[in-house]
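Before any comments, here is the structure.
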2 protein chains.
Amino acid sequence: MRTAVLVSGRGSNLQVFLDAWTQGTLAIEIVAVGSDQENAQALERARQAGVSVRAFPLGAYPNRRAQERELLGWLKDLGIELLLLAGYMRVLSGEFVREAGFPILNIHPSLLPAFPGTQAQRQALEYGVKVSGCTVHFVDEGLDSGPIILQEAVLVRSEDTEESLAARILEVEHRLYLEAVRLLLAGKLKRSGRIVTVI
Amino acid sequence: MRTAVLVSGRGSNLQVFLDAWTQGTLAIEIVAVGSDQENAQALERARQAGVSVRAFPLGAYPNRRAQERELLGWLKDLGIELLLLAGYMRVLSGEFVREAGFPILNIHPSLLPAFPGTQAQRQALEYGVKVSGCTVHFVDEGLDSGPIILQEAVLVRSEDTEESLAARILEVEHRLYLEAVRLLLAGKLKRSGRIVTVI
C-alpha cells in the first residue's frame, strides 16, 4: 500500500515504519514523507532511508488552505493510499480529510479523549492522573477527536517526569501504531460511525 | 474513623464498606448514610446494617444551599471525620467542601478527566474508547474534577453493552475504593495541590 507519513519533529514513529518497510515486515511502501517544518529531524531519517521528502512550511503560503491544497495535491499525484501522521503538529481541515479519499491515521500520547493537543504527557502529569497511555485513531477534522482504533494504558509513577512518562508511552506507541496499520492492511477494521471494531 | 456515606441509588459501593466495617477489615465506623433520594435502595442496605439513615430530598428545601446546610449540620453533629460519596448524584458546592473540614472521597466509573458526570460508561461506549476504568478522587466543588487518588484501567470489549461494561468496572470500583480508604486511614496519601502521592 502506497503510504505517506507527515511529521513535524523527531520522527521516532516514522522510524518504526521505515524499519518495518525496509525489513519487509509490513505490507506498505513508504513513498513520501512530508512536513510543515523544513528542519524536522524526521525528514533526515526519511532521506537516509531513500524516501522522497518535501516540506510545506506554512509561511510559504498565503494561508493554511493553500498549504493544505499543495500538500494534498502532492499526495494525490503520488498515488497515496494511506496517510500516517507521526507527530505532525497541525490539525488537518475537514476539507482535506474529505477530499483525501484515503484513510488517515494518527497516534496520540494519551488515552483520548483525555489530554488532546500538544504536551499531552505534561497535561496528564499536571492533572495528576494515575493511568495514561496512547491512542491510534482515524483522523477527522477535530483535534485528536477521530474514531479510536486502538488504545493501551500506561501507568503513571509517582516519580515520573514529563520525559520519563513520554519515553514509556513512546515504547507502547511504536508497537500500537504498527499493530493498527497491520489490522487496517488486513482488512480487520470495521468502522461504523465513530465506533471502530477489530473483526 | 467516624464515617458517613452519601448515596442516591443502589449502593453497591456502600455495601462494600458496610461489609468491611461489620467484618472489621477496615478501621472505619459507619455512623450514618445520607441521601438526596428518599427511596434509594442504598438506604435499605444501611438500615439492614443498623446504620442511621436520613434523606435530604431537594424538594423539601427552598434551594440547594439550604439542603446542603442541613446535610452538613447533620454530619457535623454526628462528628463525622470522613465522608464517602457512593453514587451520590449531586455536586457538592465549594462552600460545603470548604466548611466540611473532613476529607470527602468519591468514586467515578471512568478514567477521569474523561467522561465526567452521569452515564460515564455509556459516554465511553458512544465515544468508542478501547480503555476505560475507574477513579477514586478527593471531592472539590467541580464535577468529578478533584485530585485523583487511584485509577485503574478496564478494557472495553467490542461486544460490551453499557451494562456489561458497567459491571466489569464496578468489580474494580469495589476493590479500588476500599484500597483508597485504607491508604487514607494509614496516612499514606500525601496531597500537594492537585497531585496525590501514595507514600
Notebook entry, point to check: Can you pull the percent of Cα pairs in the range B:86-199 with separation above 19 Å?
Noted result: 45
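Roughly how large, in nm² to one decimal, is the mean projection of the convex hull of the alpha-carbon atoms in chain B?
11.0
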Next item on the list: Tally up the carbon and sulfur contribution to the accessible surface of the range B:49-144 as a whole percent, 1.4 Å probe, everything protein left in place.
Entry: 50
Next item on the list: Using protein chains only (no ligands, no nucleic acids) and a 1.4 Å probe, work out which residues of the range B:94-123 have their accessible area cut by at least 20 Å² relative to the chain alone.
Entry: B:Leu111, B:Pro113, B:Ala114
Margin query: Running a GNM on chain B with Cα contacts under 10 Å, which residue among B:Val129, B:Val181, B:Val53 ends up with the highest mean-square fluctuation?
Written below: B:Val129
Notebook entry, point to check: In vacuo Debye scattering of the range A:51-149, one point per C-alpha: log10 I(q)/I(0) at q = 0.10, 0.22 Å⁻¹?
Noted result: -0.31, -1.16
Checklist line | Structure-based [θ]222 nm, chain A - -39500 (n - 2.57) summed over DSSP H runs of at least 4, per residue, nearest 500 | finding: -11000 deg cm²/dmol
Note to self: Looking only at the range A:107-199, where both bridge partners belong to it, what percent of the DSSP beta bridges are antiparallel (to the nearest 5)?
What the structure shows: 95
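Once you list every other residue whose beta carbon is under 14 Å from the beta carbon of A:Pro62, what net charge do they have if Lys and Arg are +1 and Asp and Glu are -1?
+1
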Item checked: Segment A:Arg2-A:Arg47, length gained on full extension (0.36 nm per residue, minus Cα span) -> 14.5 nm
Notebook entry, point to check: So how tilted is helix B:12-22 from the main axis of chain B? Cα-based, degrees 0 to 90, rounded to 10.
Noted result: 60
Next item on the list: Describe numerically, in nm with one decimal, the distance between label points set 7 Å from Cα along Cα→Cβ at A:Glu38 and at B:Leu78.
Entry: 7.0
Checklist line | For the range B:1-77, accessible area per residue (1.4 Å probe, heavy atoms of protein chains only), Å² | finding: 48
Notebook entry, point to check: In nm, to one decimal, how far is the modelled label at B:Arg64 from the one at B:Phe102, with both set 7 Å along Cα→Cβ?
Noted result: 2.3
Margin query: Using a 1.4 Å probe and counting only protein heavy atoms, how much accessible surface gets buried when B and A come together, both sides summed, in Å² to the nearest 100?
Written below: 1800
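For the protein assembly as shown, please report how many Lys pairs fall under 24 Å Cα to Cα, leaving out neighbours fewer than 8 apart on the same chain.
Taking the Cα cut-off of 24 Å, the pair count is 5.
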Note to self: Going 7 Å from Cα along the Cα-Cβ axis for the label, what nanometre distances separate B:Arg65 from the same residue across the other copies?
What the structure shows: 5.1
Next item on the list: Mind checking B:131-139 for the average number of partner chain beta-carbons within 10 Å of each residue's beta-carbon?
Entry: 3
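Below 8 Å, C-alpha to C-alpha, sequence gap of six or more: please give me the relative contact order for chain A in percent.
18
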Checklist line | Distribution of pairwise C-alpha distances over the protein assembly as shown, 20 Å bins, in % | finding: 26, 45, 23, 6
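The values are calculated or read from the model by the stated rules, or taken from the named source; none is laboratory data. Fair warning: this is a prediction, and the values are worked out from it, not measured in the lab. Glycine also receives a Cβ, built like all others from the backbone with ideal geometry; neighbour counts cover every protein chain displayed. For the accessible areas, the whole protein counts, side chains as well, though only heavy atoms, and no ligand, DNA or RNA atoms are used. Shrake-Rupley method; radii C 1.70, N 1.55, O 1.52, S 1.80 Å.
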